[in-house]
1. Please specify each residue of the range 57-72 satisfying the condition of being away from the ligand (no atom under 16 Å from the Cβ) and within 16 Å of Gln170 (Cα to Cα).
2. Lys569 - would you say it is out of contact with any Ser or Thr (no Cβ under 9 Å at 6 or more places or on another chain), more than 26 Å from Thr447 (Cβ to Cβ) and surrounded by fewer than 17 Cβ atoms within 10 Å (Cβ to Cβ)?
3. Taking Glu469 and the conditions (1) at pLDDT 95 or above; (2) of a type in the set (Asp, Glu); (3) over 44 Å from the mean Cα position of the chain (by Cα), which numbered condition does it fall short on, given that it satisfies the others?
4. Would a scan of the range 125-142 turn up a residue that is outside the structural domain of Glu265 (by TED's automatic domain parsing), away from the ligand (no atom under 16 Å from the Cβ) and more than 34 Å from the chain's Cα centre (by Cα)?
5. If we keep just the residues of the range 409-427 that are crowded, with 16+ Cβ neighbours inside 10 Å and farther than 22 Å from Pro288 by Cα, which is farthest from the chain's Cα centre (by Cα)?
6. Within the range 227-253, which residues are part of a strand (DSSP E or B) and either in contact with a helix residue (DSSP H, G or I) (Cβ under 7 Å, 6 or more places away or on another chain) or surrounded by 11 or more Cβ atoms within 10 Å (Cβ to Cβ) (or both)?
7. Is one or more of the residues making up the range 452-475 surrounded by fewer than 17 Cβ atoms within 10 Å (Cβ to Cβ), at positive phi and part of a loop (DSSP other than H, G, I, E, B)?
8. Return the pairs, sorted by first residue and then second, in which the second residue is of a type outside the set (Asp, Glu) and surrounded by fewer than 16 Cβ atoms within 10 Å (Cβ to Cβ), the first residue lies in the range 408-427 and is outside any strand (DSSP E or B), the beta carbons are less than 7 Å apart, and the residues are 6+ apart or on different chains.
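The values are calculated or read from the model by the stated rules, or taken from the named source; none is laboratory data. Computed from a prediction, not measured in an experiment: that's the story for all the values here. Cβ: placed from backbone, ideal geometry, glycine included. Neighbour counts: every protein chain shown.
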Amino acid sequence: MSKQTLSFQAEVAQLLHLVTHSLYSNPEIFLRELISNASDACDKLRFEALNNPALYEDAPNLEVRVSYDKDARTLTIADNGIGLSQQEAIDNLGTIAKSGTREFMGRLSGDQKADAQLIGQFGVGFYSGFIVADKITVESRRAGAAAGEGVRWTSGGTGDFEVETIERAQRGTSVTLHLRDDAQDYLNTWKLKDIIGKYSDHIALPILMRKEEWKEGEEGKGGEMVLTDEWETVNQASALWTRPKKNITDEQYAEFYKAISHDFEAPLAWAHNRVEGSSEYTQLLFIPGKAPFDLWNRDKKAGVKLYVKRVFIMDDAEALMPTYLRFVKGVIDSADLPLNVSRELLQESRDVKAIRDGSTKRVLSMLEDLARQEKEGESDEAKAKYGKFYAEFGAVLKEGLGEDFANRDRLAKLLRFASTTSDTVSVSLADYKARMKEGQDAIYYITADTLAAAKNSPQLEVFRKKGIEVLLMTDRVDEWALSHLSEFDGTPMQSVAKGAVDLGKLQDEAEKKAAEEAAEAFKPVLAKLKEALKDKAEDVRVTTRLVDSPACLVVKDQGMSLQLARMLKAAGQAAPEVKPVLEVNADHALVKKLDGSVHFNDLAHILFDQALLAEGGLPDDPAAYVRRVNALLV
Ligand code: ADP
């Protein structure tokens, strides 16, 4: 292949522009990113070589070399990993294949500070080299390919790049950064060692640098450090998770977490364990403190990687963690899984399932621990952790109610809600139960779009009057999730917007009697109402749940709520036509007016449409509603 000039994919050009303009406040991360790529390339070689040992050629020791040339002003990161073919260089270094790229680009605001955070999370990888370099040369040869099939890739990081075929004896990739004028301080052994120690110490491969030596100046004047031809390892070169816990500092755990998660903040919690039993493995799992921008992308790669005896095998999301724990980051390293079977077979294997179950339980105990600290924590910081976690990931955790039946009871205990007595999302089901009224036999809740809508719902009136707490749920997932939780610790969960209210023992005999009499007296009007609204309402009945409002809408016990049906519709999904039940307050002045009114039909429709408005819906025919109200006003 003679020299070719190709253009970057539009997204890359955009990303490159951002990288060079927003990441300069933390430029040194480029080294972490490039070393991490080098290490991934070695992982890939090791994995492919399991079935094809010839790929090692005559260099079985995988390593990364960092070197620099002061005169040429270049810094080179070289690995002897899997390497790139010519086509791979074009594809991988000219486009972004990552899932969520478009979503990521859409989120960029143009505000450099906010964007810098986002870019960090997205992981700029290779392109971060352009923070410090105005030109990058990559030379590579794929393991197993002939020496004549090497490739040189060069770019100034603007619109395009060049590729050409070269001779290259060594397998693997070397990335040479031509440093910008303001980045010359990276041409310094001490500085590079410092950065490697900070960000890349956990890398399992040896990272080598040339040794330096003191050289006296002429006639004893002005000596200097000079590079020798001898290489030394400058990191610990053992995977962090394989080291004994007591030798790892909190800072090292935090740095490792940041490196694998692209998070800027330290994790909220972690667990590092050796699990022994039918299968033996090490787990190092982290709970982040902040949700990534693509948390709602359920298909993205998980943050948990599976290794077998230190060889990276896969990061297949669902095989290692249930979807509802997709925020967990970390590493699982098995001591006894077979190395030479395909990923597909492994995913299906019973041992991997056992690891997944074990890791799920571990994450739940970490969360239980954080939840315990809410009350028992020794510092305000410890007490605040669970709330912080829940604000970021609570809605995701709830998906587990429908996904993970085996752990449903544990999950239910981890839930927190706002309620009619607490505006903050802090009420657990156990808290609620502990303060239930004498005679109360259900946990009441309501779902709505916003906290204000939930709080002002007419359906709550009687509960408020009787001082009964109601949980207020405003996450989109709530209704679906709660449909999988019919009871908590023996007490049924009851939506106040579904079915007829039965306050059971909470109503005294006199109230019950009065209600029955009112219903009886109202019967003839009710029949007329049903007839007038037969196209809109499934049924019309008298209720005791209302105090100040004339009417409200409810759905049948097992039905889908109006709110969920609206949400599905708005999302363009098929939603069943929900015909609600109209409940009327026979004590209300407006309802009393119905009997004998010449405007009966208009009043009936207004009652219905207003009930719909009150709970956040829109009348089917808004113009007709306005016409009716105006006719009465006039
Ligand atoms: P990411 O590593 O997140 O996929 P990068 O932009 O860092 O994204 O790299 C893009 C791709 O280029 C990688 O997925 C990999 O295929 C390839 N690549 C980068 N560096 C190397 C390397 N040192 N050796 C082999 N391939 C590499």
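1. The first filter runs over the range 57-72 and keeps only residues away from the ligand (no atom under 16 Å from the Cβ), leaving 58, 60-61, 68-72.
Once the filter is applied, which keeps residues that are away from the ligand (no atom under 16 Å from the Cβ) and within 16 Å of Gln170 (Cα to Cα), the range 57-72 yields Asp58, Pro60, Asn61.
2. Working: out of contact with any Ser or Thr (no Cβ under 9 Å at 6 or more places or on another chain): yes; more than 26 Å from Thr447 (Cβ to Cβ): no; surrounded by fewer than 17 Cβ atoms within 10 Å (Cβ to Cβ): yes.
No: the conditions fail for Lys569.
3. Only one criterion is unmet by Glu469, namely (3).
4. Within the range 125-142, the first condition is being outside the structural domain of Glu265 (by TED's automatic domain parsing), and the residues that meet it are 125-142.
Filter again for away from the ligand (no atom under 16 Å from the Cβ), leaving 134-135.
Now narrow it down to the ones that are more than 34 Å from the chain's Cα centre (by Cα): 134-135.
Among the residues of the range 125-142, at least one is outside the structural domain of Glu265 (by TED's automatic domain parsing), away from the ligand (no atom under 16 Å from the Cβ) and more than 34 Å from the chain's Cα centre (by Cα), which makes the answer yes.
5. For the range 409-427, the residue satisfying everything is Thr420.
6. Here is the first cut: in the range 227-253, the residues part of a strand (DSSP E or B) are 227-233.
Of everything in the range 227-253, those that are part of a strand (DSSP E or B) and either in contact with a helix residue (DSSP H, G or I) (Cβ under 7 Å, 6 or more places away or on another chain) or surrounded by 11 or more Cβ atoms within 10 Å (Cβ to Cβ) (or both) turn out to be Leu227, Thr228, Trp231, Glu232, Thr233.
7. Within the range 452-475, one or more residues are surrounded by fewer than 17 Cβ atoms within 10 Å (Cβ to Cβ), at positive phi and part of a loop (DSSP other than H, G, I, E, B).
8. Lys413/Ala430; Arg416/Ser426; Thr420/Arg464
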